Structures are given as structure tokens and as C-alpha cells.
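Have a look at the structure below before the remarks.
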Amino acid sequence: MTARELIGAPLGYPARPPEHDVNEIRLAPGQLAVPGLVDLHCHGGYGVDFPSADAAAARTALHRMHAAGTTTVLASLVTAAPADLLSGLEMLSGLAAAGDIAGIHLEGPFLAAARCGAQDPRWLRSPDREFADSLIAAGKGHLRTMTYAPELPGADDLVDLLTTHSVVPSLGHTAASADDAGASLARAAAGLSGQAGRVPTVTHLFNGMDPIHHRAPGAVTAALRAARAGTAVVELIADNTHLDPFVVAAMFELLGAENIVLVTDAMAAAGLADGSYRLGPAAVQVRNGVARLESGSIAGGTASMLDLVRNTVASGVPLESALRSASEVPARVLGRVGQIGSLTAGAAADILLLDADLRPAGVMHRGTWISAA
């Protein structure tokens, strides 16, 4: 395949030297060309916190993510004060309109306090139509997914509202029973039917949920059944912190790559050293690559999408399956099959060159070779 067969769009990135600007890509021995990776759950990176950043800072972080192989990013906001959520949506909708991000993911505020994790409990609330309408309006058509707890009063109406606006409901941060979670996922799947094969998702499976118990199966079991049936897609943070590698491998074997998306849940520390950072309104300490609140709760991830691919392969999952869950499947969740996440004629010219150790050897973003500099 030649670069000319793919659709490119200028993003203002500096091109690499002219010898790379060719119509045919020649791979060095041991290199592999794969689609640019797609991250559906990302709060920031490289010192930038999307919930509190301005557009210029966000673009700087996005460029470094692109150069590391994640060529499509869905920017995530955490639960915060209503005014902060609305201003964050306003800023990110501008980036989405410019094509810098693929849209917006809202993680909250309609989440369960019992499973809030790193979400600020002060701003959690049950769904209400007026506020949900204002959030959707502030996204200006660029809100793509929203994490919600199905057991909260008003959750059914929220699911209906989201699917009507082509926003994917993502079950998470929940203490729901298996019955309630299963019914909500089925409702969301029905609402999305006919929308380019889209189905509801499950926000970082296992994290922010009650663990499975044989007499209290909970939301995890409902999510597994829905994913196995192909009526939901589960997120896995395969960073060896949020999930044990054995669990990652088991999920691929039980559910199939087509029902899994790898996500980073990255926060500002991703790509940087240990230290003090922020995740929305919360202070976060990163030690040995693990981000935590003062309470000890894990507060997002610090790995890249390519790190997750390598970890997934190291757990025993075939490379083809890991790549599928990091490119093709998230593209389907966004309703953009054939546009991103694949090396096909007519798709965006997002190409990641990997060496034999699955390290980046080159990145083309929208038809232009880019670097982190």
C-alpha cells in the first residue's frame, strides 16, 4: 500500500526530511507496519491534564501522543464542579472541531459514590435531564462516550438520552447488581442499534466495580456476558497495574479481541517521571510509575497505548489480537470503521512502524511523518 492511497489532512506538524516524503513505504528488515493506535480513554499526558488544560497545552501533549504511536485520541474529563465540566467540554469541543481529537469522553458525574475511585465524591450526582442536556450541548456534537452507573435513579432515561444523541453509554464506577447492569447494557445496545455497529462499552473492566462473588456476581459478570454475546465492548487497562497480565490474557481468550478495547486511562504523568501531578481537581503522586491519590486509590494510568500492546503480547495474547483491540475495535466504537484504525484505501494515513521489539521506528499521522521534537 502507498501513502497516496490513504487520505491525509494537514495538521501543521513538521515533516521529516524529504527522503521520507515518498509514495511507497519500504520497511527495514524486522520492521512491521500497523495502523496508528486509537485510545478511547485518556485524561492527558506529558505533564498536561486535559480537564484543566488550555487548548495550546492540550495540543502539545497530543502531538507527543501521536509521535508515540497513538494517532487518534478521545480526550477524557473526570467528575468535577459543573462549571468546570462545562468549560472543559467547551475547550475540548474546539479541539474536536479542528480535528485534533476524535471527540470527548465524560467519566462522570453520574457515578456511584461507593465505587468512585479517583473521582471527586463532592461532585457525584444522580442523572438529571436538565444537566445531562447541558453537558451534551456543551460538547457541540463531539461528546462520544459517557461513563455512568446504571443503578442510580434516572439512569434509564440517561441511557435513552445518550443513545438518541449518538453518545455511547459506558457502564462503570458502579456497584450495580448483575441484573441491573445487564438490563442497562441491553437497553444501551438497543438504543445504539443501527448506528454503524456501535455497542455500549464498559469503562476499565474490573476497576471501579465490585469484584465477582459467586453469590453476588455484580456488574463484572453482566459485562462479561454482554461482551461474549457481542452486545458490549469492555475496556482493559493492560498496564500491569490496573490488571494482572493473567487476567488480560484470560479476557482475550474468553471474549475475543473483537469485544475488547485497550485503553490507557492516562493522566498527566504518562510519558514522564515520578512526581506530583493533577487529575482534574485531585492531587496525584506517582511512584514507580503508579499514580495514586493521597487515599491510596489508583488515579489513572501512566502507560502509552504501545506499552499496553507490548504488555498484552507479553501476557500471551497474539500480536494481531492486541493490535486489533488497540485500533480496529475502538474505531468501531466511534463509528469510524474504515476511516481510522486500519490500513485500507480511503482511511486516514495513520501508520505506525514497529521494530522487532515492538518499539516505534516511525509514525505517520494524517499523511505526514512526525517526530516528538
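With the condition kept exactly as written, say whether any residue in segment 333-345 is part of a helix (DSSP H, G or I) and either touching a strand residue (DSSP E or B) at 6+ places or on another chain (Cβ under 8 Å) or modelled with pLDDT of 95 or more (or both).
From segment 333-345, those part of a helix (DSSP H, G or I) are 333; that's our starting set.
Still in the running and either touching a strand residue (DSSP E or B) at 6+ places or on another chain (Cβ under 8 Å) or modelled with pLDDT of 95 or more (or both): 333.
There is at least one residue in segment 333-345 that is part of a helix (DSSP H, G or I) and either touching a strand residue (DSSP E or B) at 6+ places or on another chain (Cβ under 8 Å) or modelled with pLDDT of 95 or more (or both).
With respect to the conditions (1) touching a residue at least 60 places away in the same chain (Cβ under 8 Å); (2) within 22 Å of Ala299 (Cα to Cα); (3) not hydrophobic (A, V, I, L, M, F, W, C), Gln195 lacks only one, and its number is (2). Considering each of Ser93, Ser170 in turn, give the residue that is of a type in the set (Gly, Ala, Ser), open to solvent by less than 10 Å² (accessible area, probe 1.4 Å) and closer than 24 Å to Thr221 by Cβ. Sole residue among the options that is of a type in the set (Gly, Ala, Ser), open to solvent by less than 10 Å² (accessible area, probe 1.4 Å) and closer than 24 Å to Thr221 by Cβ: Ser170.
Comparison of Ala114, Ala118, Ala28 shows that the only residue that is at pLDDT below 95, closer than 20 Å to Ser297 by Cβ and not hydroxyl-bearing (Ser, Thr, Tyr) is Ala118. Set side by side, the residues Thr60, Thr70 differ, and just one is at pLDDT 95 or above, surrounded by 20 or more Cβ atoms within 10 Å (Cβ to Cβ) and under 29 Å from Asp239 (Cα atoms), which is Thr70. Per the conditions (1) out of contact with any strand residue (DSSP E or B) (no Cβ under 6 Å at 6 or more places or on another chain); (2) surrounded by 16 or more Cβ atoms within 10 Å (Cβ to Cβ), the sole criterion not satisfied by Arg228 is (2). The combined condition, being surrounded by fewer than 20 Cβ atoms within 10 Å (Cβ to Cβ), hydroxyl-bearing (Ser, Thr, Tyr) and within 22 Å of Met209 (Cα to Cα), is not fulfilled by Ser276.
For segment 183-220, filtering for residues that are more than 18 Å from Arg115 (Cα to Cα) and either in a loop (DSSP other than H, G, I, E, B) or open to solvent by less than 40 Å² (accessible area, probe 1.4 Å) (or both) leaves 15. Flag not set for Ala322, criterion: at pLDDT 95 or above and either outside any helix (DSSP H, G or I) or within 29 Å of Gly141 (Cα to Cα) (or both). Sub-6 Å Cβ pairs linking a first residue in segment 247-275 that is over 20 Å from His43 (Cα atoms) to a second residue that is assigned to a helix (DSSP H, G or I) and open to solvent by 10 Å² or more (accessible area, probe 1.4 Å), at least 6 apart or interchain, are Phe252/Ser321; Leu255/Arg228; Ala257/Ser321; Ala257/Arg324, ordered by first then second residue. The numbered conditions (1) of a type outside the set (Ser, Thr, Tyr); (2) over 22 Å from Val168 (Cα atoms); (3) touching a strand residue (DSSP E or B) at 6+ places or on another chain (Cβ under 7 Å) are all true for Ile260 except (2). Within the option set Ala223, Ala250, being on the phi < 0 side of the Ramachandran plot, open to solvent by 20 Å² or more (accessible area, probe 1.4 Å), hydrophobic (A, V, I, L, M, F, W, C) and assigned to a helix (DSSP H, G or I) holds for one residue only, Ala250.
Checking each residue in segment 112-152 for being part of a helix (DSSP H, G or I), surrounded by 18 or more Cβ atoms within 10 Å (Cβ to Cβ) and of a type outside the set (Gly, Ala, Ser) picks out Arg115, Trp123, Leu135, Ile136. Within segment 279-311, if we keep just the residues that are of a type outside the set (Gly, Ala, Ser) and within 16 Å of the chain's Cα centre (by Cα), the residue that is surrounded by the fewest Cβ atoms within 10 Å (Cβ to Cβ) turns out to be Leu306.
Between Leu255, Leu224, Leu236, Leu243, which is modelled with pLDDT of 95 or more and in contact with a Lys or Arg (Cβ under 6 Å, 6 or more places away or on another chain)?
Details: Leu224 fails: in contact with a Lys or Arg (Cβ under 6 Å, 6 or more places away or on another chain); Leu236 fails: in contact with a Lys or Arg (Cβ under 6 Å, 6 or more places away or on another chain); Leu243 fails: in contact with a Lys or Arg (Cβ under 6 Å, 6 or more places away or on another chain).
Result: Leu255 is the single residue among Leu255, Leu224, Leu236, Leu243 that is modelled with pLDDT of 95 or more and in contact with a Lys or Arg (Cβ under 6 Å, 6 or more places away or on another chain).
The lone criterion from (1) open to solvent by less than 60 Å² (accessible area, probe 1.4 Å); (2) modelled with pLDDT under 95 left unmet by Arg16 is number (1). On the stretch given as segment 31-57, residues that are surrounded by 21 or more Cβ atoms within 10 Å (Cβ to Cβ) and in a helix (DSSP H, G or I) total 0. Just so you know, in segment 274-319 the residues that are of a type in the set (Ser, Thr, Tyr) and in a loop (DSSP other than H, G, I, E, B) include one that is nearest to Arg198 (Cα to Cα), and it is Ser304. Total residues in segment 327-350 satisfying the condition of being open to solvent by less than 10 Å² (accessible area, probe 1.4 Å) and out of contact with any Asp or Glu (no Cβ under 8 Å at 6 or more places or on another chain): the figure is 6.
The values are calculated or read from the model by the stated rules, or taken from the named source; none is laboratory data. None of these values were measured; they are calculated from a predicted model. Cβ sites come from the backbone with ideal geometry, for glycine too, and all protein chains shown count toward neighbours. Ligands, DNA and RNA are excluded from the accessible area calculation, which covers all protein heavy atoms including side chains. Shrake-Rupley method; radii C 1.70, N 1.55, O 1.52, S 1.80 Å.
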